[in-house]
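Report on one structure; see the data block that follows.
The values are calculated or read from the model by the stated rules, or taken from the named source; none is laboratory data. Everything quoted here is computed from the prediction, not taken from an experiment. Here the Cβ positions follow ideal geometry from the backbone for every residue, glycine too, while neighbour counts run over all protein chains shown.
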Amino acid sequence: MSSLSDRIAQFRKMTTDDPENELGHFRLGQLLLDDNQPAEAVKAFERTLELSPQFSKVYQLLGDCFTKLGEPAKAVEVMTKGWTVADERGDKMPRDAMAMMLGKLGAPVPTKSAAVEDDGPDTGFRCARPGCPEGKRAKKLDKPPIDGPDGQRIFETVCTACWTNWWKDYSIKVVNELRLDLSSESGQAEYDRHMRGYMGFEE
């Protein structure tokens, strides 16, 4: 069994054990897409959107799946909706990527809308983690939460709420469900990989 197959199996177990875990479904979809299984990835991404309909990056990847499956009409439908979600949230990278993909499919790109106002004051910081629900309320961490380059990157791009959710909830699920031994190099490496995936860092 390859490393990719191992990780797919791990995330299948995670999503079975915790079916409400949208990030587990999202990561499973990414891995299935990497493994050239777009039909299976569609299921994972659609479940992600059921749980987190504002997760704009998922629309981009789901559109990519439908394109690979030879279903351009579905790809256009998904990415048109996704473009609007990304635009409203201020998620520029997935929005621009979907605009490019729509253009390649010969479909019109939606008209840019005024940003939707969130309740509360604008902190001026935008969290870059995919699926962050904080919007303009996102608060920057006071300092890097961990040592090293990952800690610095989290400090610069991820909000306090998303880090707290990782630290107090999702990281515990990762350790328990994958039975990671953090005293070993392999266990720590696997933990770090999941952390980077949660934060949306490209591998």
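Does Asp35 satisfy the criteria of being more than 16 Å from Tyr191 (Cα to Cα) and more than 15 Å from the chain's Cα centre (by Cα)?
Taking the combined requirement at face value, the residue satisfies it.
Go over the candidates Gly24, Gly70 one by one and state the one that is part of a loop (DSSP other than H, G, I, E, B) and of a type in the set (Gly, Ala, Ser).
Gly70
Inside region 27-54, can you point out the residues that are in contact with a Phe, Trp or Tyr (Cβ under 7 Å, 6 or more places away or on another chain) and either not in a helix (DSSP H, G or I) or not hydrophobic (A, V, I, L, M, F, W, C) (or both)?
The answer is Arg27, Gly29, Thr48.
Any residue in region 162-188 that is within 20 Å of Gly200 (Cβ to Cβ) sitting within a Cβ distance under 9 Å of a residue that is among the polar types (S, T, N, Q) and part of a loop (DSSP other than H, G, I, E, B)? List the pairs, counting only those 6 or more apart or interchain.
So the pair list comes out as Tyr170/Asn21; Lys173/Asn21.
All but one of (1) in contact with an Asp or Glu (Cβ under 8 Å, 6 or more places away or on another chain); (2) farther than 24 Å from Leu49 by Cβ hold for Gln152; state the number of the condition that does not hold.
Against the list (1) in contact with an Asp or Glu (Cβ under 8 Å, 6 or more places away or on another chain); (2) farther than 24 Å from Leu49 by Cβ, Gln152 comes up short only on (1).
For region 54-75, name all the residues that are crowded, with 20+ Cβ neighbours inside 10 Å, out of contact with any Gly (no Cβ under 7 Å at 6 or more places or on another chain) and either small (Gly, Ala, Ser) or within 17 Å of Pro108 (Cα to Cα) (or both).
Asp64, the sole residue that qualifies.
Consider only pairs whose beta carbons are under 8 Å apart and that are at least six residues apart or on different chains; among these, list those whose first residue lies in region 92-118 and is more than 25 Å from Glu71 (Cβ to Cβ) and whose second residue is among the β-branched types (Val, Ile, Thr) and at pLDDT 80 or above.
Listed pairs, sorted by first residue: Ser113/Thr84.
Among the residues of region 36-43, is there at least one that is small (Gly, Ala, Ser) and in contact (Cβ under 8 Å) with a residue 40 or more places away in the chain?
The answer is no, given that none of the residues of region 36-43 is small (Gly, Ala, Ser) and in contact (Cβ under 8 Å) with a residue 40 or more places away in the chain.
Which one of the conditions (1) in a helix (DSSP H, G or I); (2) surrounded by fewer than 17 Cβ atoms within 10 Å (Cβ to Cβ); (3) hydrophobic (A, V, I, L, M, F, W, C) does Ile154 fail to meet, given that it meets all the rest?
(2)
Could you list, ordered by first residue, the pairs with Cβ atoms under 8 Å in which the first is in region 144-158 and free of Cβ contacts under 8 Å to residues at least 12 places away in the same chain and under 16 Å from Arg129 (Cα atoms) and the second is assigned to a helix (DSSP H, G or I) and aromatic (Phe, Trp, Tyr), at least 6 apart or interchain?
Note: pairs meeting the criteria are Pro144/Phe155.
From the list Pro53, Pro38, exactly one residue is of a type outside the set (Ser, Thr, Tyr) and touching a Cys at 6+ places or on another chain (Cβ under 8 Å). Which is it?
On the way: Pro53 fails: touching a Cys at 6+ places or on another chain (Cβ under 8 Å).
Answer to the check: Pro38.
Output the residues belonging to region 24-53 that are of a type outside the set (Val, Ile, Thr) and touching a Gly at 6+ places or on another chain (Cβ under 7 Å).
Arg27, Ala41, Ala44, Phe45, Ser52
Where residues in region 1-21 are polar (S, T, N, Q) and not in a helix (DSSP H, G or I), which of them is nearest to the chain's Cα centre (by Cα)?
For region 1-21, the residue satisfying everything is Asn21.
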